[in-house]
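Down below is the structure, laid out as structure tokens.
The values are calculated or read from the model by the stated rules, or taken from the named source; none is laboratory data. It should be emphasised that the depicted structure is a prediction, and the values quoted were computed from it without experimental measurement. Here the Cβ is made from the backbone with ideal geometry for all residues, glycine too, and neighbour counts use every protein chain on show. The area values use the complete protein model at the heavy-atom level, side chains included, leaving out ligands, DNA and RNA. Shrake-Rupley method; radii C 1.70, N 1.55, O 1.52, S 1.80 Å.
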Amino acid sequence: MAMAGTAGTAGKNSRTAWRNWAGNVTAAPARVVAPTSVGELQEAVRRAAEDGLRVKAVGTGHSFTAAAATDGVLLRPQALSGILGIDRAAGTVTVAAGTALKDLNRALAAEGLSLTNMGDIMEQTVSGATATGTHGTGRDSASIAAQIRGLELVTADGRLLDCSEKGDDEERAVFAAARIGIGALGIVTAITFAVEPLFLLTAREEPMRFDRVTAEFEQHVAENEHFEFYWFPHTGNCNTKRNNRSQGPAAPPGPVSAWIEDELLSNGVFQAVNSVGRAFPATIPSIARVASRALSARTYTDIPYRVFTSPRRVRFVEMEYALPREHAVEALRELKAMVDRSRLRISFPVEVRTAPADDITLSTASGRETAYIAVHMYKGTPYQAYFTAAEQIFTAHGGRPHWGKVHTRDAEYLARAYPRFGEFTELRDRLDPDRLFGNDYLRRVLGD
């Protein structure tokens with residue numbers, strides 16, 4: 001998979017502070033480099049090694065962990081963007097690593113193509129989203145990284161390594177791990193995704209009581225290609241979403257309806273009520289009861305990215321754990337009981353999604369049918385007590401933390417949670433023995 005450099009100005013060096021989207025992680029790199037070609041990126045890696053500086057690539061900063069933070073060289077790959085090639089016979093598209101998912105989705109749709117599954121936002125770069133295991137929900141279709149068919153990365157010695165499941169032993173080993181590499185194995189420069197002809201999804205959104213949706217959880221997962229729901233803490237109310245393929249015709253929400261649901265209620269009003277709740281926590285349970293009844297049932301049909309993804313303008317901090325799917329309902333009921341008996345005041349809904357087992361070394365769904373439970377707190381609101389209590393529940397059920405979301409687990413815990421953990425760290429030892437791509441976060445989760 002040969003990748004030509006993206007046209008543009010020469011790579012730029014500058015000094016600047018970096019902050020992630022949520023504002024909970026900051027870094028002060030020695031220098032920031034924005035390469036405009038793969039060659040420039042390779043040179044930046046070589047120069048960092050010569051100068052004794054660690055190097056990390058950063059996308060749009062949508063991770064809540066310090067996975068991309070560095071005091072060395074911060075690479076911004078956004079100039080390496082765009083579709084590099086489409087192979088319709090193979091059903092693949094090769095895309096430069098700095099491409100935003102929103103740009104990829106729109107470009108694919110213009111070509112009559114689509115990814116099979118997506119997360120619920122599309123602001124991230126393709127390399128950032130896949131490196132941390134970004135996922136949506138699916139009975140049969142897995143994370144974005146599980147749709148990768150090949151990738152290209154720059155290793156610590158400056159080599160450009162092209163790997164896929166069809167390569168030699170080293171290339172297959174790298175492919176098995178680097179699809180979700182947390183930035184530990186190298187700097188990804190291009191990704192080849194499986195794609196399929198553009199299709200339609202019908203979304204059915206419906207309020208449902210907590211007791212009912214948990215009692216019927218496995219039934220909903222079995223009956224729908226994509227099922228998820230949101231529980232509103234301090235209430236017994238949930239909002240469910242079922243997405244299934246449709247023969248059409250397309251029937252997207254009307255502009256007024258879409259604005260009311262996706263902008264006014266989900267962003268504008270939600271921003272306002274969270275601001276009130278942050279200032280006056282005692283009001284949150286009453287607000288939650290009103291907010292949980294504000295979203296009404298609706299059905300619409302559209303192309304995939306317009307159904308899977310939604311605008312998310314209200315900033316928050318998030319923790320998400322992947323649990324064996326058979327433990328999800330019990331853990332969720334324990335979470336609700338904990339919130340109900342506590343003095344916590346939670347203004348953000350809890351999100352529940354699923355994924356089939358996959359074969360990626362450090363995927364949160366590696367080797368097991370998975371359910372995800374995500375907890376959130378509004379930006380600027382103390383979250384530690386809530387997240388600590390939730391994490392105790394999730395880890396008691398064998399949970400695996402999302403690599404890009406807040407958690408306190410370390411290498412000792414994660415080595416028990418992932419049967420192939422040693423396979424990943426051994427590969428890291430071979431590819432980056434001097435930890436050129438290391439940082440404090442990777443030291444904690446992967447060990448020295």
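Quick rundown of the values:
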read-out	value
Virtual paramagnetic centre 7 Å along Cα→Cβ of R245, amide N under 16 Å, in the stretch 187-231	194-203, 223-227
Distance in nm between pseudo-label sites at A90 and E369 (7 Å out along the Cβ direction from Cα)	3.3 nm
The stretch 169-245 - percent of accessible surface contributed by carbon and sulfur, probe 1.4 Å	48 percent
Neighbour-limited loop hits for GluC sites (Glu not before Pro), the stretch 287-366 (at most 14 other Cβ within 10 Å; DSSP other than H, G, I, E, B)	none
Share of carbon and sulfur in the accessible heavy-atom surface of the stretch 336-448 [1.4 Å probe, %]	48 percent
Å² per residue, accessible surface of the stretch 115-186 at 1.4 Å	28 Å²
Neighbourhood net charge (12 Å Cβ-Cβ; Lys/Arg +1, Asp/Glu -1) for E318	+1
Total charge dipole magnitude, the stretch 135-174, about the Cα centre, Cβ charges on Lys, Arg, Asp, Glu only, Debye to nearest 20	280 debye
Relative contact order of the stretch 57-191, pairs being alpha-carbon contacts under 8 Å that are 6 or more residues apart, as %	23 percent
Extreme residue, positive dipole direction of the chain, given options G186, G119, S164 (C-beta unit charges)	G119
Karplus 3J(HN,Hα) series, Hz, for the stretch 338-352 with 6.51 cos²θ - 1.76 cosθ + 1.60 (x for Gly, Pro)	5, 5, 4, 8, 9, 9, 5, 10, 10, 9, 9, x, 9, 9, 10
Accessible surface of M122 - all protein chains present, 1.4 Å probe, nearest 10 Å²	20 Å²
Net charge dipole size for the chain [Lys, Arg +1 and Asp, Glu -1 on Cβ; Debye, nearest 20]	1520 debye
Kirkwood Rh (inverse of mean 1/r, distinct Cα pairs), the chain, angstrom	22.4 Å
Nitroxide proxy distance, nm - points 7 Å out along Cα→Cβ at S286 and A222	4.4 nm
Gain in span if fully extended, A337 to T408, counting 0.36 nm per residue against the direct Cα distance	23.3 nm
Under 22 Å between alpha carbons - lysine pairs in the chain that sit 8 or more apart or on different chains	8
Lys, Arg +1 and Asp, Glu -1 on Cβ, resulting dipole of the stretch 50-108 about Cα centre, debye, nearest 20	280 debye
Pairwise label distance in nanometres, D359 with R204, each label 7 Å out on the Cα-Cβ vector	3.4 nm
Theoretical gain in end-to-end length, S310 to A385 [0.36 nm per residue, Cα-Cα removed]	24.1 nm
Per-residue ³J(HN,Hα) for the stretch 170-187, Karplus 6.51 cos²θ - 1.76 cosθ + 1.60, θ = phi - 60°, Hz, x for Gly and Pro	5, 5, 5, 5, 5, 4, 4, 9, 6, 4, 10, x, 6, x, 8, 9, x, 9
Accessible surface, 1.4 Å probe, highest first, among residues E216, E426	E426, E216
Sequence-distant residues sharing a close amide H with R149 (under 5 Å, placed H)	T192, F193, A194
Which of I373, I393 is most accessible, then next, and so on - probe 1.4 Å	I393, I373
